[in-house]
Amino acid sequence: MELLEHLENVMETNELVLSLDEVAVRKGHRYETVLIDAQSGSVLAMEHQRSYDSTQILLTKKILANKCVHTVV
């Protein structure tokens, strides 16, 4: 199943599982907050830094409709 097809399917069935994490862009120096589709491992969005504020910005971007999110880890 293609990524786009997978995302359309989980959004229609309201079974999207999101993972909120941080990744090192340069080891030990620069990090970004990342929103990932936990089932496919696809990055949906990224925000600079790994702070409370960057997390709030990422979650308020309205990337996906709230009703399609089933779980956040």
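The values are calculated or read from the model by the stated rules, or taken from the named source; none is laboratory data. This is a predicted model, so every value here is computed, not measured. Note that we place each Cβ from the backbone using ideal geometry, even for glycine, and neighbour counts take in every protein chain shown.
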Across (1) in a strand (DSSP E or B); (2) at pLDDT below 85; (3) under 10 Å from the mean Cα position of the chain (by Cα), LEU64 clears everything bar (1)
Are there any pairs, at least 6 apart or on different chains, whose C-beta atoms fall under 8 Å, with the first in region 49-73 and within 23 Å of ARG26 (Cα to Cα) and the second at pLDDT 80 or above and among the aliphatic types (A, V, I, L, M), and if so, which? THR55/LEU20; LEU58/LEU20; LEU58/LEU35; LEU58/ALA45; LEU58/MET46
Scan of region 26-61 for residues that are modelled with pLDDT under 80 and surrounded by fewer than 13 Cβ atoms within 10 Å (Cβ to Cβ), ordered by number: ARG26, LYS27, GLY28, HIS29, LYS61
